[in-house]
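Just passing along the structure, written as structure tokens.
Taken together, the values in this text are just the output of simple stated rules run on the coordinates, not laboratory data. These numbers were taken from a predicted model, which means no experiment stands behind them. Quick reminder, even Gly has a Cβ in these numbers, built from the backbone with ideal geometry, and neighbours come from all protein chains shown.
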Amino acid sequence: MSIVIQTTTNQLRTFAQHYPSNTTVPVGAIFRYKGSGVMVTGYKSGKVMFQGQNELAESQKWASNALTTNSMQQTSLKRAKTNPVPSNLPDNLAQLGVLGSDEVGTGSYFGPLTVVAVYVAPDQITTLQSLGIADSKTLTDANIASLAEKLINMLPYHIVNIMPTTYNQYNQTLNANEIKAHGHNRALSAVLAKIAPHMPDAILIDQFTPANTYWRYLSKLNYVVKENVYFATKAEQLHVAVAAASIIARYVELKSLQELSAQAHCELPVGAGKNVDKIAAKLLHQGIDLRQYAKLHFANTKKAYSIAENN
């Protein structure tokens, strides 16, 4: 079974950035990403195919922005559109005191993986909404900087900023989603310690892998945040705490990219497109070790070496 959705040119570009190629790309495709329980392939025709045991959960993230083309799967995606919120979430979640966590940098070759957890008390929700807190992907860099600085002064938070050198060390024994899971657990546990003995009404994680897989990734750790934990895709739309976490995470990621760019004497962009391959090849020509600046498991590494060798 598989789920196929049809995208526009702009949507396909977004998919390609979100799912950087990390395995062999078939003929007619422009990217293929193999993750935990799912393989996502984007074709020049605009079709994006989800395959694997987690194909439905992963495709649900995009169901509201794309159209199904596989008639066998129309029912599944229709269900995802009409029921995007997990049924186990509290009915009044948006009004509760929530500890939320989100991560950024997973689709960018250069720069860190940044995970942030933020606690928002019930009496802070209206104030944050009035500030225009939203998913960081919908905000300009200037908006992100302005909002993040306000949030940092208002809320209990914790940042886990995994720079490329450390990320590549972790990646020798952990896959990308395992690194994210460990980051979320560290950030959440740190905020719980800061607000203790108070406990949040709920803990909401922006879902990047099925819950059972998340728990398996953490099974060998000495301490795991488990009580009252919920998972949801697009969680930043469900509670302002996750949106706040997203903004702070993006702010830290952008600052880290600026610092790395200064060290490399070259502007390092967000994303994993062809321009990234060329910049990485330029760094190689200069004798710069990419492990200090980039997530080496991305397909961009192989492409950069190929460009460097042929120029």
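Quick check: net charge around Lys278, other residues with Cβ under 13 Å of its Cβ, Lys/Arg +1 and Asp/Glu -1? All intermediate terms of the calculation are to be shown ahead of the outcome.
On the way: positive: Lys274, Lys282, Lys303; negative: Glu267, Asp277.
Neighbour charge sum, excluding Lys278 itself: +1.
Quick one: which residues, 5+ away or cross-chain, put their amide H under 5 Å from the amide H of Ala232? H built at 1.01 Å from N.
Placed amide hydrogens put Ile205, Gln207 under 5 Å from Ala232.
List, in order, the whole-Hz ³J(HN,Hα) value for each residue of the stretch 120-127 obtained from phi through the Karplus relation with A = 6.51, B = -1.76, C = 1.60 and θ = phi - 60°; use x for Gly and Pro.
10, 6, x, 7, 9, 4, 4, 4
Same structure again: Straight-line reach from Lys234: which aspartates and glutamates have Cα under 17 Å away, leaving out those fewer than 8 places along the same chain?
Those aspartates and glutamates meeting the cut-off are Glu55, Glu58, Asp91, Asp102, Glu103, Asp135, Asp206.
Quick one: Karplus J couplings for the stretch 4-16, per residue in order, coefficients 6.51, -1.76, 1.60, θ = phi - 60°, nearest Hz, x for Gly and Pro?
Once rounded to whole Hz, the list reads 10, 10, 9, 10, 7, 4, 5, 5, 4, 5, 5, 4, 4.
Subtracting the Cα-Cα distance from 0.36 nm times the residue separation, let me have the gained length for Tyr223 to Ala196 in nm, one decimal. Spell out each step's value before the answer.
Details: separation 27, 0.36 × 27 = 9.72 nm, distance 1.59 nm.
Computed gain between Tyr223 and Ala196 is 8.1 nm.
Can you sort Ile288, Ile279 from fewest to most other Cβ atoms within 10 Å of each residue's own Cβ? Kindly include the intermediate steps, with their values, before the conclusion.
Working: Ile288 16, Ile279 22.
Ordered by Cβ neighbours within 10 Å, fewest first: Ile288, Ile279.
I've got another one for you. Dipole magnitude of the stretch 95-259 about its Cα centre, charges +1 at Lys/Arg Cβ and -1 at Asp/Glu Cβ only, in debye to the nearest 20?
Numbers: 11 positive and 13 negative charges, 68 e Å.
So the magnitude is around 320 debye.
Could you work out the relative contact order of the chain? I mean the mean sequence separation of Cα pairs under 8 Å and 6+ apart, divided by the number of residues, in percent.
Working: 554 pairs, mean separation 69.2, N = 311.
22 percent.
Using per-residue counts of other Cβ atoms within 10 Å, averaged over each peptide, order 296-304, 102-110, 256-264, 176-184 from highest down.
Working: 296-304: 19.8, 102-110: 24.6, 256-264: 16.1, 176-184: 22.3.
Per-residue mean Cβ counts within 10 Å order the peptides as 102-110, 176-184, 296-304, 256-264.
Hey, what do the phi angles of the stretch 223-237 turn into as Karplus ³J(HN,Hα) couplings, whole Hz, using 6.51/-1.76/1.60 and θ = phi - 60°, x for Gly and Pro?
9, 10, 6, 10, 6, 6, 9, 10, 10, 7, 6, 6, 5, 5, 8
Grab the beta carbon distance between Gln237 and Arg13, set R0 = 25 Å, and tell me the FRET efficiency rounded to 0.05.
Details: r = 22 Å, r/R0 = 0.88.
With a Förster radius of 25 Å, E is 0.70.
Based on alpha-carbon centroids, what's the gap between the stretch 181-243 and the stretch 116-153 in Å, whole number please?
Cα centres, the stretch 181-243 to the stretch 116-153: 19 Å.
Modelling each spin label as a point 7 Å along the Cα-to-Cβ direction, I'd like the Asn311/Thr165 distance in nm, to one decimal.
In this crude spin-label approximation the distance works out to 2.6 nm.
Would you mind working out the magnitude of the charge dipole of the chain relative to its Cα centre, with +1 at each Lys and Arg C-beta and -1 at each Asp and Glu C-beta, to the nearest 20 Debye?
Details: 27 positive and 20 negative charges, 186 e Å.
Dipole of the chain, to the nearest 20 debye: 900 debye.
Counting only residues 5 or more places away or on other chains, whose amide H sits under 5 Å from the amide H of Lys47 once H atoms are built in the peptide plane?
Close amide H contacts, sequence-distant or interchain: Thr7.
Under the rule a/c < 1.5 gives rounded, and otherwise a/b versus b/c splits prolate from oblate, where does the chain land using the Cα gyration tensor?
Values: a/c = 1.70, a/b = 1.20, b/c = 1.42.
Oblate is the answer for the chain, as a/c is 1.5 or above yet b/c matches or exceeds a/b.
Could you tell me which of Gly111, Val27, Val98 has its Cα farthest along the dipole of the chain towards the positive end, charges placed at Cβ (Lys, Arg +1; Asp, Glu -1), taken about the Cα centre?
Farthest along the dipole direction, towards plus: Val27.
Next question, about the same structure. What is the dipole size for the stretch 228-311, taken about its Cα centre, with +1 at each Lys and Arg Cβ and -1 at each Asp and Glu Cβ, in debye to the nearest 20?
Details: 10 positive and 7 negative charges, 38 e Å.
Using Cβ point charges on Lys, Arg, Asp and Glu, the stretch 228-311 gives about 180 debye.
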